[in-house]
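Notes to accompany the following structure.
Just so it is clear, none of the values below were taken in a lab; they were calculated from the coordinates. Note that the structure is a prediction, hence the values are computed from the model and not measured. Here the Cβ positions follow ideal geometry from the backbone for every residue, glycine too, while neighbour counts run over all protein chains shown.
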Amino acid sequence: MTLRYPSVQCFKFHCRALQRSTEAIVLPAASCESLCFLSVKGAMAPMRPRPSLSKERFPAVFSNLKTQTYHDPSARGVGSHAIRCLDWNPLGTLIASGSADRTLRVWNPDRPVVRYSTELKGHDSSIEKVAFNPVKDAELASLSADGVLKLWDVRTKTCTSEVKGLGSAVSLAWHPDGEGIIVGNKTDNLFLTDPVQAKVVAEYAQDVQTNEIAFCWSGKRIFVSTGEGRVKILSYPDLQPVFQCGWEDKPLTLNGHTSSCLSLALQPTARYLASGGSDSIISLWDTRDWLCQRTLIDMTGPVRNISFSWDGMYVVGGSDEGNGLEIAHVETGEYVHSVKSQAPSPVVAWHPTKYQLAYTDFGGLKIIGIDSDRKHGS
């Protein structure tokens, strides 16, 4: 039997749960960072493949989806409770939000009332990043501005591990196997941590402002966005340059911005790496030759966050300037839909298996498409 997965993340999550029988698994869109075919043992039923929406059909379908607002009564306005980060768990059954007022909350997307959510208490500073373990559906990592990394079991609401002393922390990325986390801080140090043993395994000082970190799906490389407007490609875990410019005899970097590069996202199919800059541009890099294939220029402010749809066909960026979001078709660079908002939306996150888009608006959480399963079968 052939199993088809909507993304590499879903494949990795399923592999962890496999226990019996042998299945052939086909992953989407092979590239230099993705796998093609693999035989594994398993019994867990795979996630059913969902049909992708064509560029022509997407606007009509997406414009008919409803937007659900998630109200947190502890919010005291856009400034005090502004959500700074979002992340879906691997199956898309939960979404976590971290706020400037130290509120860390895990929501059930189907139940917007706050009593159905879970608040995780323990941070003493603004929460800068949240990220679910890519292979454990109920394990959440949270990072606060005072340099504290916490690991949570969201089922029991307990903190299972804590790493302190990471400086003024700003970035976090799980290794794809779920066994390690990289943390970056404002003094441009990268920490390799073992969250289970609650310790720093290694520390690497960077020679340039370091803003965002992202792993390739194999876990053998990381991408690092810098204040020079470039993206470094480093090996993991030794964090050495992977490629050299033969004609200049220096490390290859992706130079796609006229000012600081702030955000990164790897397409689920691993064909493209997206980088967002303070120049309001999103650059799409082909991972086969590391050339910039196209740029998206309709953002009105710095690109603070980037997210790809589950099938990698659409991309959206978040900014803390201007109102609304612009969804673009990756292969053509055409904008296919505009999302209206009351305020800037710096944080965006596509659902891992559906056309549902979470974003911040006026400091709170909204999700488009929660009723899409019933109305559109997507």
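For the pairs LYS164/LYS199; LYS129/LYS232; LYS164/LYS232; LYS150/LYS232, note any where the Cα-Cα span goes beyond 18 Å.
LYS129/LYS232; LYS164/LYS232; LYS150/LYS232
Find, among the trypsin sites (Lys or Arg not before Pro) in the range 200-240, those assigned to loop by DSSP (not H, G, I, E, B) with at most 14 other beta-carbon atoms within 10 angstrom.
LYS220
Considering Cα pairs under 8 angstrom that are at least six residues apart, work out the relative contact order of the range 89-150 and quote it in whole percent.
In percent, rounded to a whole number, it is 31.
Of the peptides 210-218, 354-362, 185-193, 64-72, how do they stack up when ordered by the mean number of other Cβ atoms within 10 Å, highest first?
Put in order of decreasing packing, that is 354-362, 210-218, 185-193, 64-72.
I need the shape label for the range 77-181. Rule: rounded when a/c is under 1.5, else prolate if a/b > b/c, else oblate, with a, b, c from the alpha carbon gyration tensor.
The shape class here is oblate.
By the gyration tensor of its Cα atoms, with a ≥ b ≥ c the square roots of the eigenvalues, what is the shape of the range 58-376: rounded for a/c under 1.5, prolate for a/b over b/c, or oblate?
Here the range 58-376 falls in the oblate category.
How high is the relative contact order of the range 58-376, in percent, counting Cα pairs under 8 Å that sit 6 or more residues apart?
13 percent
Arranged from highest to lowest average of other beta-carbon atoms within 10 Å per residue, in what order do the peptides 246-253, 310-317 appear?
310-317, 246-253
Which order do the peptides 277-283, 235-241 take when ranked by the mean count of other beta-carbon atoms within 10 Å per residue, highest first?
In descending order of packing, they fall as 277-283, 235-241.
Starting from the Cα gyration tensor of the range 240-324, take the square roots of the eigenvalues, sort them a ≥ b ≥ c, and report rounded, prolate or oblate (rounded when a/c is under 1.5, otherwise prolate if a/b is larger than b/c, else oblate).
Cα axes put the range 240-324 in the oblate bin.
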